[in-house]
Each structure stands twice: as C-alpha cells, then as structure tokens.
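Q: One structure, pasted below without further comment.
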Amino acid sequence: MDNEPLSSHDELMANFFAQPDALANGKTVEEVRAEGCPEELVLHKVFDGNRPSSSLLFPQLSAYVTGQILSLYEHRTAVQGFIWDLNSFDQWGVELGKKLALDVKEHLMEARNSDGVGDKEQEEIVADNPATSRILNYYVQNSRDAVRDGAFSNPVTATSVTRKTHMDHFPPQINDLGGHSGRLS
C-alpha cells in the first residue's frame with residue numbers, strides 16, 4: 001500500500017522468517033518478566049525453545065514443487081518410523097481414509113463422466129457429509145470451468161495427467177536444480 005514501509009506480503013514473510021528463531025531460542029521466565037509482563041501471564045509466555053523446524057522457500061508453487069514437498073514430508077515420516085521402529089503408514093486412520101476415498105472417487109468419476117448438460121441439480125455431488133459435498137462440487141466445477149475456458153495456466157490440465165501418463169509431463173525439462181551458486185536467478 002502507499003505510504004506503508006512494508007507490503008502486507010512482506011509483513012507475513014517477516015513472521016515466516018522469524019518463526020524458526022522463536023522455535024529454536026524460545027523465551028525464558030527472566031526475559032518475559034524483563035518485558036514487564038503481568039505475573040499471571042508469565043507462564044503462558046514462556047517457551048522452552050530447542051524445537052527443530054524446517055522452512056522451505058520456493059520461487060513458485062507449481063505442481064512439480066508441490067510434489068517435491070510431499071515427497072520430502074513422506075520421506076521424513078518414513079525415516080521417523082524406522083527410527084522409532086513402527087510402520088508410519090500402517091494406521092487405522094489411514095485405512096479409514098482409504099475406505100472413505102472409494103466413495104469420493106465414485107462421485108468424482110460420475111461428475112467427470114457427466115456431459116455437463118441438463119439440470120444443475122442432477123450434476124451436484126451429494127456425499128455423506130455436507131462439507132465434503134460442498135468442496136467436491138467446488139473442485140469439480142472449478143476444474144471443469146478452467147479446462148473449458150482455457151484459463152488453466154498449465155498446458156497440462158489437472159484431469160489429463162494419470163498414473164500411466166504422468167512421466168510424459170514430469171519432471172519438467174527445465175529446472176533450477178543447477179544451483180545458480182545459491183542465487184534464485
């Protein structure tokens with residue numbers, strides 16, 4: 001904004017960059033009291049620190065970068081499981097999610113295979129949960145409109161990449177993995 005020393009985005013990024021320091025260093029009782037904090041709030045504002053964190057910064061959030069992030073966290077989860085001697089991917093919640101996903105897949109297949117002609121009520125997805133219904137309808141309608149209107153910024157549409165064809169599209173032929181000596185460009 002005009003006459004502001006920093007943009008809103010830069011303000012948010014300042015918090016993003018400061019958070020790892022807060023997690024690493026924390027705040028002692030003495031530091032909180034030195035700030036003049038009321039005694040009844042001191043224990044609420046004390047933080048031990050020594051909390052590891054990871055900060056990832058990318059020049060652009062693309063499908064490929066999102067895949068890299070997911071791969072990183074999946075690897076981290078697997079390694080933690082190996083260290084703790086447990087199977088990180090064998091959880092009852094995961095099994096429940098897989099069972100619920102079967103119903104969602106059916107709804108998506110029906111919506112993708114409909115011709116888009118006819119009464120709007122016939123096209124709406126009605127899932128077991130109203131929140132799921134709303135988000136599925138939003139997703140299907142917006143991804144369909146993006147493909148129809150040609151407004152999709154990526155020439156590879158979200159619905160054209162499958163398990164069998166994904167290698168035709170990814171990884172991108174041009175990437176920034178060369179390093180540029182630590183510079184973004």
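Q: For ASP103, work out the one condition from (1) of a type outside the set (Gly, Ala, Ser); (2) farther than 30 Å from ALA127 by Cβ; (3) touching a residue at least 24 places away in the same chain (Cβ under 8 Å) it doesn't fulfil.
A: (2)
Q: Tally the residues that are open to solvent by 100 Å² or more (accessible area, probe 1.4 Å) and at pLDDT 85 or above, restricting the search to the stretch 58-96.
A: Final tally of qualifying residues: 10.
Q: Mind listing just one residue for me: the one in the stretch 33-57 that is of a type in the set (A, V, I, L, M, F, W, C) and open to solvent by 60 Å² or more (accessible area, probe 1.4 Å) and, of those, modelled with the highest pLDDT?
A: Step one: list which residues in the stretch 33-57 are of a type in the set (A, V, I, L, M, F, W, C), which gives 34, 37, 41-43, 46-47, 56-57.
Restricting the remaining residues to those that are open to solvent by 60 Å² or more (accessible area, probe 1.4 Å) gives 34, 41, 43, 47, 56-57.
Numbers: ALA34: 96, LEU41: 93, LEU43: 91, PHE47: 86, LEU56: 86, LEU57: 84.
Taking the candidates together, the pick is ALA34.
Q: To continue, here is another question. State all residues of the stretch 33-53 that are out of contact with any Pro (no Cβ under 8 Å at 6 or more places or on another chain) and not in a helix (DSSP H, G or I); if no residue qualifies, say none. Working first, answer last.
A: So the first thing to find is which residues in the stretch 33-53 are out of contact with any Pro (no Cβ under 8 Å at 6 or more places or on another chain), and the list is 33-52.
If the condition is that a residue be out of contact with any Pro (no Cβ under 8 Å at 6 or more places or on another chain) and not in a helix (DSSP H, G or I), then GLU35, GLY36, CYS37, PRO38, VAL46, PHE47, ASP48, GLY49, ASN50, ARG51, PRO52 are the ones that fit.
Q: Here's another thing I want to ask about it. Residue pairs, Cβ under 6 Å, 6 or more apart or interchain, first in the stretch 41-66 and over 15 Å from PHE16 (Cα atoms) and small (Gly, Ala, Ser), second open to solvent by 70 Å² or more (accessible area, probe 1.4 Å) and outside any loop (DSSP other than H, G, I, E, B). List them.
A: Partner pairs satisfying both residue conditions: GLY49/ASN25.
Q: Just checking, does the stretch 43-62 include any residue being within 30 Å of ILE125 (Cβ to Cβ) and either of a type outside the set (Lys, Arg) or in contact with a Lys or Arg (Cβ under 7 Å, 6 or more places away or on another chain) (or both)? Show your work before the answer.
A: Pass one, the stretch 43-62, residues within 30 Å of ILE125 (Cβ to Cβ): 61-62.
Next, only the ones that are either of a type outside the set (Lys, Arg) or in contact with a Lys or Arg (Cβ under 7 Å, 6 or more places away or on another chain) (or both) stay: 61-62.
Yes, some residue in the stretch 43-62 is within 30 Å of ILE125 (Cβ to Cβ) and either of a type outside the set (Lys, Arg) or in contact with a Lys or Arg (Cβ under 7 Å, 6 or more places away or on another chain) (or both).
Q: Continuing with this model, one more query. Name the single residue that is surrounded by the most Cβ atoms within 10 Å (Cβ to Cβ) among those in the stretch 6-32 being among the charged types (D, E, K, R) and assigned to a helix (DSSP H, G or I).
A: First pass over the stretch 6-32, keeping only residues among the charged types (D, E, K, R): 10-11, 21, 27, 30-31.
Subset that is assigned to a helix (DSSP H, G or I): 10-11, 21, 30-31.
Numbers: ASP10: 10, GLU11: 12, ASP21: 11, GLU30: 10, GLU31: 14.
Residue satisfying both the conditions and the ranking: GLU31.
Q: Could you list, in sequence order, all residues of the stretch 97-109 that are at pLDDT below 85 and either open to solvent by 70 Å² or more (accessible area, probe 1.4 Å) or outside any helix (DSSP H, G or I) (or both)?
A: LYS98, LYS99, LEU100, MET109
The values are calculated or read from the model by the stated rules, or taken from the named source; none is laboratory data. Nothing here was measured: the structure is a model prediction, and the numbers come from that model. Note: ideal-geometry Cβ built from the backbone for every residue, glycine included; neighbour counts use all protein chains shown. Side chains are part of the model used for accessible areas, which takes the heavy atoms of the whole protein and leaves out ligands, DNA and RNA. Shrake-Rupley method; radii C 1.70, N 1.55, O 1.52, S 1.80 Å.
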